[in-house]
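The values are calculated or read from the model by the stated rules, or taken from the named source; none is laboratory data. Everything numeric in this text was worked out from a predicted model, so none of it was measured. Cβ placement follows ideal geometry from the backbone for every residue including glycine, while neighbour counts extend to all protein chains displayed. Side chains included, ligands, DNA and RNA excluded: accessible areas come from the protein's heavy atoms. Shrake-Rupley method; radii C 1.70, N 1.55, O 1.52, S 1.80 Å.
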Amino acid sequence: CSSMKHPNIVPIYEVYSQAATHFIAMEFIEGRDLREFIRIRKRLDPLVATKLMIGVSSGLDHAFENGISHRDIKMSNVLVSSRGQVKIVDFGLAGVDNNLSDEALAKLAKQRTIDYAGLERATGVRKDDSRSDIFFVGCMYYHLLSGRPPLVETRDRIQRLSRTRFQGIPPVLDIAPELPMSAAIVVNKAMEFDPEKRYQTPGELATDLQNVFKRLKKNSPGSDTSLTVPGETTSDEGLDEDGRPRTVMIVEADVNMQNVFREQLKRKGYRVLVTNDPERAISRFSDDPNVADLVLFSTGTLGQVALEAFNEAGRSPSIKNVPSVLLLDERHRDWQSQAEAEPHRAVLMMPVTLRQLREVLVKLFASQVS
């Protein structure tokens, strides 16, 4: 899975095992998962729901082209980043031995994965059939559009594996008759019980979703497709000229300071990414030049490493034009002469108030525009 590079899939940077120690290092996504998102919003506008599912199906199609099915696609494994981008995480069952019994799979996997075992048993498909992923994408689309999950919730394992559970799903228009017909048609096809009548690849599903989105957008010009949750921001200071939140990347190792930056800037409408690794911060711009609109390097805990990273950023082709701030701790005042500042790259000395910091951010964004 670490070989997959796609904007809708959370990248894996490292896989490590030694004796009983195992870990996977992945990109940190600032945002929330779709389960939390729908818990707050209850139900989504068809445009927003369709936009989300385009991202999910596009990511799954990339995996499909690389011979990988997800096998555990569900609300909690779909993240919505602070930039409003869909990110699929946890291809945890992609490499599971296909010869495992349903019982072994149920013990190995999370509870929801029993749904996959039940669907695969009922429809007679192999355990890595990507059309099972498509069925559960359809289930998510159904839930987002109607505000209600299509599968009966139960902890009884026998009921979860029952064939009738998948065949007895009421049509989405019975639950939400006011839904656009184009969206309902996609839901119905994605959730066809017969795999041969379903979309055969995630790419086919993505294409139809894109057509639905264009049709809905044409019929509802000016509709809001924002993926933020009401109450998340209290100011438009952090918005750009098009009304989109600017993203500030904070490079700081102290957890308390990270939280201060995150909470205070979010209140002013900014989206905030946080990392304690200066080199990782710079390398992320090579992967995605638009990952952030400004980078703040703090020497408080990182010391000279932050100063060197600030200077390196000013020379690196992928980030040199991105507004940057070097925040020098009081102990590091002597380093000011070593910092390579420019009109869009500022050096601030501590102590500094958050208001002063925000004023500098606004000036840097203005200098970049001009």
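In region 340-352, the residues that are part of a strand (DSSP E or B) form Cβ pairs under 8 Å with partners that are among the polar types (S, T, N, Q) and crowded, with 16+ Cβ neighbours inside 10 Å, at six or more places apart or across chains, as follows: 345/324; 346/324. Regarding region 92-113, can at least one residue be identified that is of a type in the set (A, V, I, L, M, F, W, C), modelled with pLDDT of 70 or more and either on the phi > 0 side of the Ramachandran plot or under 25 Å from the mean Cα position of the chain (by Cα) (or both)? Taking every residue of region 92-113 in turn, none turns out to be of a type in the set (A, V, I, L, M, F, W, C), modelled with pLDDT of 70 or more and either on the phi > 0 side of the Ramachandran plot or under 25 Å from the mean Cα position of the chain (by Cα) (or both). Where strands (runs of 3 or more DSSP E) sit wholly within region 231-309, those with at least 1 residues that are farther than 17 Å from residue 28 by Cα occupy 294-298. Among the candidates 73, 38, 68, the residue that is farther than 25 Å from residue 248 by Cβ, at pLDDT below 85 and more than 12 Å from the chain's Cα centre (by Cα) is uniquely 68.
Take region 206-252 and flag every residue that is among the hydrophobic types (A, V, I, L, M, F, W, C), at pLDDT 80 or above and under 23 Å from the mean Cα position of the chain (by Cα).
So the first thing to find is which residues in region 206-252 are among the hydrophobic types (A, V, I, L, M, F, W, C), and the list is 206, 209, 212-213, 216, 227, 229, 239, 248-251.
Keeping just the survivors that are at pLDDT 80 or above gives 206, 209, 212-213, 216, 239, 248-251.
Matches in region 206-252: 206, 209, 212, 213, 239, 248, 249, 250, 251.
Is there a residue being of a type in the set (S, T, N, Q), in contact with a His (Cβ under 8 Å, 6 or more places away or on another chain) and open to solvent by 40 Å² or more (accessible area, probe 1.4 Å) anywhere in region 325-338? Looking through region 325-338, none of the residues is of a type in the set (S, T, N, Q), in contact with a His (Cβ under 8 Å, 6 or more places away or on another chain) and open to solvent by 40 Å² or more (accessible area, probe 1.4 Å). Pairing residues of region 179-190 that are part of a helix (DSSP H, G or I) with residues that are modelled with pLDDT under 95 and surrounded by fewer than 17 Cβ atoms within 10 Å (Cβ to Cβ), at Cβ distances under 8 Å and at least 6 apart in sequence or on separate chains, gives 182/211; 182/215; 184/171; 188/171; 189/197.
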